[in-house]
Every structure is written in C-alpha cells, then in structure tokens.
Amino acid sequence: MSELNKLGLAEARDLLRKGETTSVELTEACLKAIDAADALNSFVHKTPDIALERARAADARLAAGDAPAMCGLPIGIKDLFCTKGVDSQAASNILKGFKPEYESTVSGKLQEAGAVMLGKLNMDEFAMGSSNETSAYGDAISPWRRGGEETPLTPGGSSGGSAAAVAADLCLAATGTDTGGSIRQPAAFTGTVGIKPTYGRCSRWGIVAFASSLDQAGPMTKSVRDAAIMLEAMCGHDAKDSTSVDLAVPNFEAMLTGDIKGKKIGIPREYRMDGMPEEIARLWDDGAEMLKAAGAEIVEISLPHTKYALPAYYVIAPAEASSNLARYDGVRFGHRATLAQGDGITEMYEKTRAEGFGHEVQRRVMVGTYVLSAGFYDAYYNRARRVRTLIKKDFEDVFAAGVDAILTPATPSAAFGLGEMSDADPVKMYLNDVFTVTVNLAGLPGISVPTGLDAQGLPLGLQLIGRPWDEGDLLNTAYALEQSAGFVAKPARWW
Amino acid sequence: MSIDQSTAAKVAKLARIKVEEDALPALAEEFNTILGFIEQLNEVDVEGVEPMTSVTPQRLLRRVDEVTDGSQQDKVLANAPDAREGFFAVPKVVE
C-alpha cells in the first residue's frame, strides 16, 4: 500500500484491525516522510527507535486481539509534553538537554492506548506565541504556500510544529496544547482539525506549565472523527492534577451521527469586528448556512464582554507565567549561565534567565511580574480576574437561553508570512487570538474545522464553541459542518 | 500609567532577569504598549463582581496525607546543571 502516512487515525485503525497493514509499516512510512521534511522544521527531536519498538509491540497486541483504541497509530508529541528519557525542552534554551525521568499523564495515556510516538514537535517557546517564531529551534514552516509564491508561511502557534506535521502527513495526528488559541489557530492556518476540551478534561500533569488556569491539551488531526478518537484517549481524571475533573469520558466517536436537527447555533454579533476581511465574513456566513441546511436553527446572540477578553488574557496569562516560570533558576534542571568571579546566587539567577529565555518569554514574565507587584495587583490582576468572571457569565447566559453551540471564525486572517509581523508591536501579534481566547477564559471546549480556502489558496477555519463537558455534542456539530464543507484541499508538496 | 526606565529596571530585578542598561528604553516602551492595551479593562464596571479563582465550579480535591513516593535522589538530581555528593550545588549563599 502506498503512502500510509497520508491516512487518518480512523482509516489506519480499520486497516490495522483487518490485518491489511501493520503498525511497523505505518510507522516506517511516517519516519520516511519525516526525514524527507526537514525543510518544515516540525519534528525537532526524532525518536525512530522508540517508534519502531512501540510499533512492533502494537503489532503483537493486534495479532493477539488485545488492541486498545489507538493501537499502532503513529503520532507526534508537542515538545511541551514531558516524555520519559526523551528531550522535552518546551522549545526553550533554558531547558536544553532536559530529559524527564517521568512521562506526562496525557502522553502516557496515549502510549497506554497503543499510540506510537514518532518524536517531538516544534512550538513557540513555552507556548508563548502565535506563529512559532519564538522557538529556540527556529521557525516551523507551513507546508502551505500562497498560489504562485514561495514566501515561507507560518503554520501558526504555539502548536505550529504539530499543525505543520499533520498537514504535511508526517504523522497521522499530533498532540497540541491551547492556552489562548494555540491548538485552534494553527489548525485553522493549516487546514487541520484541532479541539481544546473543557478545562479539567485533560490532566496537565507533566505538561510544562504556561498559564495553569488556562492551559489544556488536545488533539490535532486530519478529521473530526480522528479528533474524537484521540481526545477520548487523552481525557480522564488524574489524581496528580488537582484541577482534573472526575467525570466519565464518553465514547466521543459513537456520538458522531451528523444529525444536528433542532440544534440552536449562536452567532455572536460582537465577533463581527471592524475591518474583518470580506473572505472571513463570507466564510462565517457560509458556515452558518451549512449548519442551517443541516437542520440547525441559527440565532444571533450577544457576548457583551468579548472586547475585554484579550486585555484580560494579557494580564492573567503573563501573571501565571511569571509565577510558573520562576522555577527556571539554573539549580534543578536545564541551563545555568557561566558565572564570573565573585558572582553570587542572584547573579546566577539573573544571568541564567537572561540567557535561557527568549525575548517574548522575558517580556511576558516581566509584564506578569509587574501586574502582580505591590501596588498594582488590585488594579491589574484582580480587575482582570473580575472581567474574566463577566466573560464566563456571558457564555453561561447564552447557554442558559438554550444555545447548543456558538459559531465564530477561528482566526482574523489566513496564515501570514514568517517575519511579516516582526516589525509590528506585540499587541498586533496578540490579535491573532481574538476569537479563541474567550474560550480559554471561560474554560469551555472549542474546535476549529477547516471549511474553505482564501483567494490565494490558503486554508481558513471556523470555530465552534460548546457547553462545558459536552465535547461529544460539540464534535457532532463539528462533524456536520465538516460533512457540509467537504474540505479536501492538501498542500502541494515542495519540501 | 507610564513606565519609565527605572520602573523597567525594577521589574527586571523582581523577575530576576538581567537586562542591560542600553536595553531598558526599548523595554519600557514595550511595557507601555502592552499596558496601554490592558488599560481598556478600566472601562468595565466590575462593582460587586467576584474575581475568578476557578473556572470550573469545583473545590480543589484533597488527597490523603500519606507518603506515596520517595527515595529517588538519583532521578531528582539527574538533570541538575551541578550536582555534587547527592546535593544541588549553587554559588555561596551565606557569607
């Protein structure tokens, strides 16, 4: 069989169960594709030996009829996940050479479910960025190009390596994490599917922390069905994360009926921003029409505090980051600066952190330090937390009025060129998250589904936001949208 | 609220990040851009609104207070930049 790496999870699983291919064959096809795609800089630590060992074990389980959900399926793991004995450095120089002695709960669950790890994927440093340009490994590059151009484009961020790898068929699927849009924005930029589950669905244990009240892991896949399969394997209660919720995990795939008759879909008027590109507005209208044609009822809704989500996020996320990243002190793990004669422990901290953290990370840690400092804590941090309460209430009111899901654009534009935003002030880059960040602040599940191409042939995605803990229903609505949109475009291979 | 160079230097010190003198003006300017953006939050009426502590209405779960782990000195020290005789080594802290 040719090009097994192009399969999705569901197709590959079915072939494995029918005995028409093996995990070793699938894994070898992916490893070959990865080695031929160094130009994308998506896989930054390759683990072929681990992959083939796990593939052989998976084939043995399949032969014995003891195959769990993801058995034998080769995937990539974002560098933010700690993987035992394998470099895990959150794309930061401060964690260079760090090889954890433990496995993150989510990557461990995937391993238990039989998934085969191919390697670690590029990302923005500490997941802080929207273009994968803050990575210590250098930029990840999108497999997509504008029609007739060779300008290298961003795959989005922070899960840029994951998005590029899935879109370029280097793996069947990948893990991502999402603090303000880091799964959904890169998925939209690369024509892939990405879901951030409800806060508390996936354990955060062993995932390098950025902003703990916002961070969630999720799958990045080639279809909604694949997202359902992989999300189920990632979810579940974990005593090692005190914010992980003890709720039964449904069979998400079984909930994909495509029937959304009578569902009420909200269109929030505040998301129709001034200056929204015509293409994005049309994509959004088309998406609403598709859901309507599938039997859903479309209603206009109001989420009045939307405008304040991004500024609230840029208080809360840096504040939590400044606290979380205090652990990088050059003592217990990672980089320590070379010290001069007479340098004491304070100089060690200051030099280590100046050398180890990149520019964006330093900036966010310092902004966070400022908003938490004496005299400003109430004015910035507590005010932002109050606004967060109001943002969550906006959604609660809409769901209480009977809305089942909310449809919005996933991003304000298609993917931009690498370096095109380098002269812009940091706030301009932050605007990438304008449609996604509300969902993190409210702790809700959100999914990005590719539904069209722009005039230059680049993918565009729509976001669906669901009720808390109702990922199954959300995935089903996304499935109906996917069926109607019929997005099948793939990047033409140039790498 | 405008941040001057001395405030920027103070924040860098609090964050334990060494910032060279000549980088302070640009840093202060970036802070001002970001804080200017954050200032919008002052438009919101938050009177009587509780600051969010947990996005899910769940009390933090408590576990039994018992020893479940330990005796992993080698593993704990495995990634240390400088470990000696079973300890983390750091520059002299006490004079």
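At-a-glance table
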{"read-out": "Equivalent ellipsoid semi-axes, segment A:176-238, via Cα gyration tensor eigenvalues times 5, rooted, Å", "value": "19, 15, 8"}
{"read-out": "Simple label model, 7 Å out from Cα along Cβ direction - residue A:99 to residue B:92, nm", "value": "3.5 nm"}
{"read-out": "Taking all pairs of distinct alpha-carbon atoms in segment A:4-250, Kirkwood radius in angstrom", "value": "17.4 Å"}
{"read-out": "Charge tally in the Cβ shell below 13 Å around residue A:117, where Lys, Arg are +1 and Asp, Glu are -1, residue A:117 excluded", "value": "0"}
{"read-out": "Antiparallel bridges, percent of DSSP beta bridges restricted to segment A:4-250 (to nearest 5)", "value": "65 percent"}
{"read-out": "Max mean-square fluctuation residue, GNM over chain B, Cα-Cα springs under 10 Å, options B:40, B:72, B:58", "value": "B:72"}
{"read-out": "Ranked A:215, A:394, criterion: other C-beta atoms within 10 Å, fewest first", "value": "A:394, A:215"}
{"read-out": "Rotationally averaged projected area of segment A:163-317 (alpha carbon convex hull; nm²)", "value": "10.8 nm²"}
{"read-out": "Shielding of A:363-372 by partner chains, average beta-carbon count, 10 Å", "value": "6"}
{"read-out": "Proximal charge balance of residue B:8 [Cβ under 14 Å; K/R count +1, D/E count -1]", "value": "-2"}
{"read-out": "Charge context of residue A:415, other residues only, Cβ under 11 angstrom, K/R +1, D/E -1", "value": "0"}
{"read-out": "Residue-averaged beta-carbon neighbours from other chains (10 angstrom radius) around A:325-332", "value": "3"}
{"read-out": "Per residue, the convex hull volume that the Cα atoms of segment A:261-307 enclose (Å³)", "value": "56 Å³"}
{"read-out": "Computed Rg/Rh of chain B, alpha carbon atoms with Kirkwood Rh", "value": "1.16"}
{"read-out": "Whether segment A:403-482 is rounded, prolate or oblate, judged on the alpha carbon gyration tensor where a/c under 1.5 counts as rounded", "value": "oblate"}
{"read-out": "Sorted by Cβ neighbour density within 10 Å, fewest at the top, the residues A:380, A:328", "value": "A:328, A:380"}
{"read-out": "Neighbouring partner chain Cβ atoms per residue of B:53-62, average, 10 Å criterion", "value": "5"}
{"read-out": "Relative exposure of A:305, A:45, judged by other C-beta atoms within 10 Å (fewest first)", "value": "A:45, A:305"}
{"read-out": "17 Å cut-off, amide nitrogen to a point 7 angstrom out along residue B:42 Cα→Cβ, residues in segment A:409-435", "value": "none"}
{"read-out": "Cα gyration tensor shape of chain A, rounded if a/c is under 1.5, else prolate or oblate by comparing a/b with b/c", "value": "rounded"}
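Values quoted throughout were computed directly from the atomic coordinates according to the rules given, and no laboratory measurement underlies them. Note that the structure is a prediction, hence the values are computed from the model and not measured. Heads up, the Cβs are rebuilt from the backbone with ideal geometry, glycines too, and the neighbour counts pull from every protein chain shown.
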